[in-house]
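Here the structure is laid out as structure tokens; the discussion comes afterwards.
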Amino acid sequence: MTTTLTPASETPPEKTRRVRRPKAARAGGTLHAGPIAYVILALFTIGSLFPLVWTAIAASRDNQRLAETPPPFWFGSNLFDNLDLAWNDANLGEAFINTTFVAGVSAATIVFLSTIAGFAFAKLRFKGRNAMMLIVIGTMMVPPQLSVIPLYMMVAELDWADQLQAVIFPSLVSAFGVFFMRQYLLQALPDEIIEAARVDGASSWRVIWHVVFPAARPAMAVLGMLMFVQTWNDFLWPFLVLTQNGNPTVQVAVAGLGRGYTPDQSLIMAGALLGTLPLLIVFAIFGKQIVGGIMQGAVKG
């Protein structure tokens, strides 16, 4: 019995199965959102915009209509009249100037000092660095209401009542700003660049000015915007040390609209809408740069 051998070259190759990967899993593929994702995003968008839209609706009505049930869900015809009345009654022109000055000085000082302190904690070596950083972080856990009485006693001792410096000086430093800039500079600023600047004979201040500040510019923009918004919206401390007839900020001036036995809710909403508009304009202009700075910091971190 003879057996015929088939050459290896004539052996029929086995069929290889091709495994299809999902489109989203392919290299360089783009993830596409489904209908459920769009529904969730739409709900979040509506929920976020509703307070602002309701403020505008309430500002366009009168106090009697707002007290009815159900409340109005569309704009009325009194918007511009209420805005004009709130502007003149609350002295919002002077309040806008005061708030812009206070928020601008506070935000610029916080960004400047926080960047320098964050650089020191991130890149410099000195005794007690970690302990001091823990103390800075620990101050963020202390409720700000605990410092109201000591601060008020200091303001009264310095005779700063109803003056803008009483609002500016307590907000010139920020533990959050120091921590934020430290975390950013840890990854965004390589040690080799600092060493190269030292080799070239750069002093510490020259390194900060020509190396640290350019590298930290995206984070500085984000921190500046956050601190500006926080100072603009601050109410408790300005309300304690300022008066509506003296040097009010926007929040103090708007709070004065609620005086009386029966507060005019439409007038209060008109003042709140006027106080919010500058922040919306600023974010509409610089929003892309702010989001880009946040994303750049997230990628580098």
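The values are calculated or read from the model by the stated rules, or taken from the named source; none is laboratory data. Everything quoted here is computed from the prediction, not taken from an experiment. Note that we place each Cβ from the backbone using ideal geometry, even for glycine, and neighbour counts take in every protein chain shown. In case anyone asks, the SASA skips ligands and DNA or RNA and just uses the protein heavy atoms, side chains included. Shrake-Rupley method; radii C 1.70, N 1.55, O 1.52, S 1.80 Å.
The table below gives the values:
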{"read-out": "Per-pair calculated FRET efficiency, R0 = 51 Å: Gln64 and Ala108 via Cβ, rounded to 0.05", "value": "0.65"}
{"read-out": "Three-way shape label, the stretch 227-279, alpha-carbon gyration tensor, a/c 1.5", "value": "oblate"}
{"read-out": "Packing-based ranking, highest mean first, of 142-155, 171-184 given that Cβ atoms within 10 Å are counted", "value": "171-184, 142-155"}
{"read-out": "Extended-chain gain in nm, criterion 0.36 nm per residue less alpha-carbon gap, Ile149 and Leu186", "value": "9.6 nm"}
{"read-out": "Lys, Arg +1 and Asp, Glu -1 on Cβ, resulting dipole of the stretch 157-290 about Cα centre, debye, nearest 20", "value": "320"}
{"read-out": "The stretch 38-186: proportion of alpha-carbon pairs further apart than 29 angstrom, %", "value": "51"}
{"read-out": "Neighbourhood charge, 12 Å Cβ-Cβ cut-off, centred on Val250 and excluding it, Lys, Arg +1 and Asp, Glu -1", "value": "-2"}
{"read-out": "Prolate/oblate/rounded label for the stretch 30-125 (Cα gyration tensor, a/c 1.5)", "value": "oblate"}
{"read-out": "3J(HN,Hα) from dihedral phi, the stretch 136-150, Karplus parametrisation 6.51/-1.76/1.60, rounded to Hz, x for glycine, proline", "value": "4, 5, x, 5, 6, 8, 8, x, x, 5, 5, 8, 5, 5, x"}
{"read-out": "Exposure ranking of Lys288, Lys123 by accessible area [1.4 Å probe, largest first]", "value": "Lys288, Lys123"}
{"read-out": "Cβ-Cβ FRET estimate between Met140 and Phe283, R0 fixed at 25 Å, reported to 0.05", "value": "0.50"}
{"read-out": "Largest-first ellipsoid semi-axes for the stretch 133-215, taking √(5λ) over the Cα gyration tensor eigenvalues, angstrom", "value": "37, 17, 9"}
{"read-out": "Using θ = phi - 60° and Karplus 6.51 cos²θ - 1.76 cosθ + 1.60, couplings along the stretch 218-225 (whole Hz; Gly, Pro as x)", "value": "x, 5, 5, 5, 5, 4, x, 5"}
{"read-out": "Simple label model, 7 Å out from Cα along Cβ direction - Val173 to Phe75, nm", "value": "4.7"}
{"read-out": "Ranked order, Thr139, Thr262 - accessible area, probe 1.4 Å, largest first", "value": "Thr262, Thr139"}
{"read-out": "Gyration tensor over alpha-carbon atoms, the stretch 187-281, equivalent ellipsoid semi-axes in Å", "value": "47, 14, 8"}
{"read-out": "Spin-label model distance (nm) - Arg206 vs Phe239, 7 Å beyond Cα toward Cβ", "value": "5.2"}
{"read-out": "J(HN,Hα) series, the stretch 121-134, from Karplus relation 6.51 cos²θ - 1.76 cosθ + 1.60, nearest Hz, glycine and proline x", "value": "6, 8, 10, 8, 10, 8, 5, x, 4, 5, 5, 5, 5, 5"}
